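Some notes on the structure that comes next.
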Amino acid sequence: MSEAGFSLPETMAATVLLVTGVVGVAQMFVLATRSNLSAQRQTFASTLAQEKMEQLRGLAWGYDDVGLPISDYDTDLATDPIATDGGVGLSPSPENSLAANVNGYVDYVDRAGETLGGGVTPPANTVYVRRWSVEPLPTNPNNTLILQVLVFNVGDRANTDGPVLDHGRDEARLVSVKTRKAR
């Protein structure tokens with residue numbers, strides 16, 4: 001009967017291979033966890049953007065029974081529940097409404113997705129900033145609007161005001177067109 005076993009070099013080589021494999025799997029686990037968190041935040045931002053776009057598209061912008069234009073310029077979309085007066089509705093927004101927190105064109109959302117209200121300063125428990133713009137189409141300003149919504153995580157931007165040309169990691173942007181239609 002032979003008492004042959006593994007030598008010290010063989011044991012060391014096997015240990016190095018095992019540790020290398022475990023480190024590789026751990027790195028993949030960390031990367032997968034980060035990717036899943038980013039995807040979750042992106043999905044949540046997209047859902048918040050879609051919600052605001054639906055609110056904007058749901059405002060009155062059409063013609064009445066005698067053919068006169070109907071326009072909602074009073075609804076406050078920054079409150080929850082939405083107030084039918086005291087807001088700006090589909091009034092054209094200032095040029096910087098996507099780049100800065102402009103009263104009437106911004107609201108804040110907490111971790112649970114609850115709207116915290118509007119204003120130029122985010123409340124303490126804000127997780128997402130949701131901005132929108134309403135612009136008349138230059139070729140048909142009385143009948144067509146361009147609606148844009150931008151949602152981003154406050155943690156992704158050190159300053160919530162600034163250029164929106166750079167695309168943040170976990171932000172969502174939507175653009176839509178709203179045209180007056182006869183009833």
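The values are calculated or read from the model by the stated rules, or taken from the named source; none is laboratory data. From a predicted model like this one, the values you see are computed outputs, not experimental measurements. Because the Cβ atoms are built from the backbone with ideal geometry, glycine has one as well, and the counts that use them run over all protein chains shown.
Just so you know, in the stretch 44-80 the residues that are surrounded by fewer than 19 Cβ atoms within 10 Å (Cβ to Cβ) and aromatic (Phe, Trp, Tyr) include one that is nearest to Thr144 (Cα to Cα), and it is Tyr63.
Can you tell me how many residues within the stretch 89-107 are in a loop (DSSP other than H, G, I, E, B), surrounded by 13 or more Cβ atoms within 10 Å (Cβ to Cβ) and free of Cβ contacts under 8 Å to residues at least 40 places away in the same chain? Number satisfying all stated conditions: 8. Thr33 meets each of the listed conditions (1) closer than 29 Å to Arg169 by Cα; (2) surrounded by 14 or more Cβ atoms within 10 Å (Cβ to Cβ) apart from (2). In the stretch 61-76, the residues that are in contact (Cβ under 8 Å) with a residue 40 or more places away in the chain reach residues that are loosely packed, with under 11 Cβ neighbours inside 10 Å and not in a loop (DSSP other than H, G, I, E, B) with C-beta atoms within less than 6 angstrom, at least six apart or across chains, in these pairs: Gly62/Lys181.
Residues in the stretch 8-48 that are of a type outside the set (Phe, Trp, Tyr) and over 30 Å from Glu114 (Cβ atoms): 23 in all. Scanning for something surrounded by fewer than 14 Cβ atoms within 10 Å (Cβ to Cβ), at pLDDT 95 or above and not in a loop (DSSP other than H, G, I, E, B), does the stretch 155-176 turn up at least one residue? Yes, there is a match, as at least one residue in the stretch 155-176 is surrounded by fewer than 14 Cβ atoms within 10 Å (Cβ to Cβ), at pLDDT 95 or above and not in a loop (DSSP other than H, G, I, E, B).
Of all residues in the stretch 73-94, those satisfying the criterion of being at pLDDT below 95 and acidic (Asp, Glu) are Asp80, Asp85. Scanning the stretch 108-149 for residues being touching a residue at least 40 places away in the same chain (Cβ under 8 Å) and either outside any loop (DSSP other than H, G, I, E, B) or under 13 Å from the mean Cα position of the chain (by Cα) (or both) gives a total of 13. Set side by side, the residues Ala83, Ala4, Ala14 differ, and just one is of a type outside the set (Asp, Glu), farther than 30 Å from Asn142 by Cβ and surrounded by 11 or more Cβ atoms within 10 Å (Cβ to Cβ), which is Ala14.
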